[in-house]
Amino acid sequence: MVVGEVARPVQVLVIGGGPGGYTAAARAAELGKEVVLVERKRLGGVCLNVGCIPSKALITVAHDVARAGWLRGIGVSIAPDVDFAAVQGWKRSVVDRLVGGVGQLLDKVEVVSGTARLLGPRRVAVESADGVAHFRFDAAILATGSRPMQVPGLVVDGVHVLDSSGALALESVPASLAVVGGGYIGVELGIAYAKLGTCVTVVEMTDRILGGFDPELAREVERTLDRLGVAVRTKTSATGHDGGCLTVQSPDGTATIPAEHVLVAAGRQPNTDDLQLAEVGVPVLPSGHLEVDEQRRTSAGTIYAIGDITPGPALAHKAMEEGRVAAEVIAGLPSGFDQEVPLIAFTDPELASVGLTESAARSAGVDVAVGRSRFATSGRAATMGEQAGFVKVVLEVGSGVIRGVQIAGLGASDLIGAACLAVETACRAEDVMRTISPHPTLSEAFGEAAAAGMRRRERGTT
Ligand code: FAD
């Protein structure tokens with residue numbers, strides 16, 4: 001790194017080492033570009049360090065602990081004795097190993113530690129403990145990600161009031177937790193702590209939790225919350241916390257909820273404010289996102305944006321694909337981002353959705369038939385004692401093409417992979433129905449739902 005006013009030329013400069021940034025940098029280097037990646041914290045970004053990976057590690061432990069109750073019911077007694085500090089140690093080791101893997105993936109990329117800000121359409125300054133370094137780039141990819149949205153009256157202090165990073169790092173299982181925000185992050189963590197023995201309350205401003213999902217899917221999770229004794233207060237806003245109680249406001253008036261900790265999980269805010277985007281004339285949308293075209297190019301032709309700072313669902317797999325697209329476009333390949341982004345929640349049961357939901361299809365005037373297969377009828381689900389949920393296939397009546405799939409159930413996060421392929425390749429329901437799935441597996445439910453959809457289409461009962 002050259003420190004000082006002289007700008008070092010570089011072909012591709014990536015700002016942010018999260019899933020979007022590291023994927024873009026690795027792909028650009030693979031395509032022969034000289035790449036510098038600037039990261040101000042740690043490679044892996046939110047996803048690896050304080051997001052997808054640590055949350056899934058805790059969710060898995062909590063799920064297995066809860067399975068002890070089910071095992072007891074069938075005659076196997078296991079009394080889980082949870083050493084939560086040890087669990088946290090294991091979780092950190094998983095994160096560290098994966099972050100190390102990102103370092104290896106970037107073997108052809110120069111990684112620079114520091115905070116980048118734009119000085120012009122081809123120039124960036126990187127500030128670090130060593131001083132300020134300047135780079136002149138042919139193309140830059142902004143992948144600065146997002147941070148938790150703040151809620152007025154709830155200042156995250158890292159002690160009582162936590163954001164998702166704080167909630168993931170607790171060294172002991174709290175007695176009580178109030179989750180502010182019924183989106184997937186809050187509900188995933190709320191369920192995990194409830195399974196570990198915490199008394200959890202979820203507070204949600206709108207009239208239902210998991211608003212991004214088909215209500216039929218969200219209802220499956222509501223049943224689990226009910227079973228776990230998690231209180232869900234909808235149409236309720238959190239207004240403050242006094243150290244032991246969360247104050248909330250609802251149409252019924254003001255109330256207090258005893259809560260040792262509060263998890264503020266009210267959405268994510270794009271990190272676009274400190275990039276000096278005005279210097280390069282890139283407009284920032286009121287939401288903080290940057291508008292991009294199909295190639296992920298901003299209005300400044302040399303600058304691309306990917307991941308949580310672009311509109312659409314704030315999910316790692318979207319960021320990664322956008323990263324690949326931006327890198328390929330910069331390398332002169334005919335690439336574009338037009339795929340369906342699957343939505344996912346590692347709740348209980350897991351939820352996953354790709355393409356059109358039934359109601360979105362009908363509102364868009366698409367004539368669809370819907371087929372369902374419930375895991376209650378699945379042999380594999382029965383042998384696992386996990387029979388909640390269903391697969392729902394939305395197919396176009398005229399062509400029989402699958403336009404969307406929604407899944408609630410154990411393994412939905414993996415099962416949706418086949419559905420993504422079906423939607424992406426405009427597969428017909430008949431092809432899915434005729435594809436042999438191994439028995440007994442949960443994957444059979446996709447073919448059965450497609451077959452049910454085909455029967456409804458034939459009968460004209462959509
Ligand atoms: P980030 O991962 O946010 O990375 C951005 C990086 O840029 C950061 O490392 C940051 O330090 C760096 N940076 C920012 N500004 C600068 C600057 N000026 N200079 C240098 N570096 C900078 N998604 C899923 O798909 N599946 C999940 O299961 C899932 N679970 C989640 C659970 C939780 C608790 C949370 C919080 C998020 C979860 N997500 C999940 C969302 C996922 O983490 C994000 O969508 C993803 O990390 C976004 O990737 P990104 O590359 O856009 O940005």
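The values are calculated or read from the model by the stated rules, or taken from the named source; none is laboratory data. Note that the structure is a prediction, hence the values are computed from the model and not measured. Glycine also receives a Cβ, built like all others from the backbone with ideal geometry; neighbour counts cover every protein chain displayed.
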Just checking, how many residues over the range 30-42 are surrounded by fewer than 24 Cβ atoms within 10 Å (Cβ to Cβ) and more than 6 Å from the ligand (Cβ to nearest atom)?
6
Mind listing whichever residues of the range 309-326 are in a helix (DSSP H, G or I) and within 13 Å of the ligand (Cβ to nearest atom)?
ILE309, ALA316, HIS317, LYS318, ALA319, MET320, GLU321, GLU322, GLY323, ARG324, ALA326
Filter the range 1-29 down to the residues that are hydrophobic (A, V, I, L, M, F, W, C), away from the ligand (no atom under 14 Å from the Cβ), at pLDDT 95 or above and more than 11 Å from ILE141 (Cα to Cα) and list them by number.
ALA7, VAL10, ALA29
Do we have any residue at all in the range 427-435 that's among the basic types (Lys, Arg) and not in a helix (DSSP H, G or I)?
yes
Condition check: in a strand (DSSP E or B), modelled with pLDDT of 95 or more and either surrounded by 14 or more Cβ atoms within 10 Å (Cβ to Cβ) or aromatic (Phe, Trp, Tyr) (or both). Does VAL221 satisfy that?
no
Among the numbered criteria (1) within 30 Å of VAL111 (Cα to Cα); (2) in contact with a His (Cβ under 6 Å, 6 or more places away or on another chain), which one does PRO174 miss?
(1)
From the set of residues in the range 158-188 that are among the β-branched types (Val, Ile, Thr) and closer than 12 Å to LEU246 by Cβ, which is farthest from the ligand (Cβ to nearest atom)?
VAL161
Of everything in the range 258-271, what is surrounded by 21 or more Cβ atoms within 10 Å (Cβ to Cβ) and either part of a strand (DSSP E or B) or within 11 Å of the ligand (Cβ to nearest atom) (or both)? Give them in sequence order.
HIS261, VAL262, LEU263, VAL264, ALA265, PRO270, ASN271
For the range 63-73, does any single residue satisfy the condition of being more than 27 Å from ARG147 (Cα to Cα), buried (at least 19 other Cβ atoms within 10 Å of the Cβ) and more than 24 Å from the chain's Cα centre (by Cα)?
no
How do the pairs read when you match residues in the range 48-61 that are free of Cβ contacts under 8 Å to residues at least 12 places away in the same chain with residues anywhere that are near the ligand (Cβ under 9 Å from one of its atoms) and not basic (Lys, Arg), using Cβ under 9 Å and keeping only pairs 6 or more apart or on different chains?
THR60/PHE346
Return the only residue of VAL102, VAL124 being closer than 13 Å to GLU39 by Cβ, within 15 Å of the ligand (Cβ to nearest atom), touching a Phe, Trp or Tyr at 6+ places or on another chain (Cβ under 6 Å) and β-branched (Val, Ile, Thr).
VAL102
Which residue is nearest to the ligand (Cβ to nearest atom), if the candidates are limited to the range 272-290 and must be surrounded by fewer than 14 Cβ atoms within 10 Å (Cβ to Cβ) and in a loop (DSSP other than H, G, I, E, B)?
ASP274
Within the set of pairs 6+ apart or on separate chains, which have a first residue in the range 322-347 that is under 28 Å from LEU415 (Cβ atoms), a second that is of a type in the set (Ser, Thr, Tyr) and surrounded by fewer than 23 Cβ atoms within 10 Å (Cβ to Cβ), and C-beta atoms under 7 Å apart?
VAL325/SER335; ILE344/SER413; PHE346/SER413
If a residue has to be among the basic types (Lys, Arg) and either on the phi > 0 side of the Ramachandran plot or in contact with a strand residue (DSSP E or B) (Cβ under 9 Å, 6 or more places away or on another chain) (or both) to count, how many in the range 401-440 make the cut?
2
Of the residues in the range 409-449 that are among the hydroxyl-bearing types (Ser, Thr, Tyr) and more than 27 Å from GLY336 (Cα to Cα), the one that is nearest to the ligand (Cβ to nearest atom) is SER443
Could you tell me which residue of the range 224-243 is surrounded by the most Cβ atoms within 10 Å (Cβ to Cβ), considering only residues that are touching a residue at least 60 places away in the same chain (Cβ under 8 Å) and farther than 30 Å from PHE390 by Cβ?
ALA238
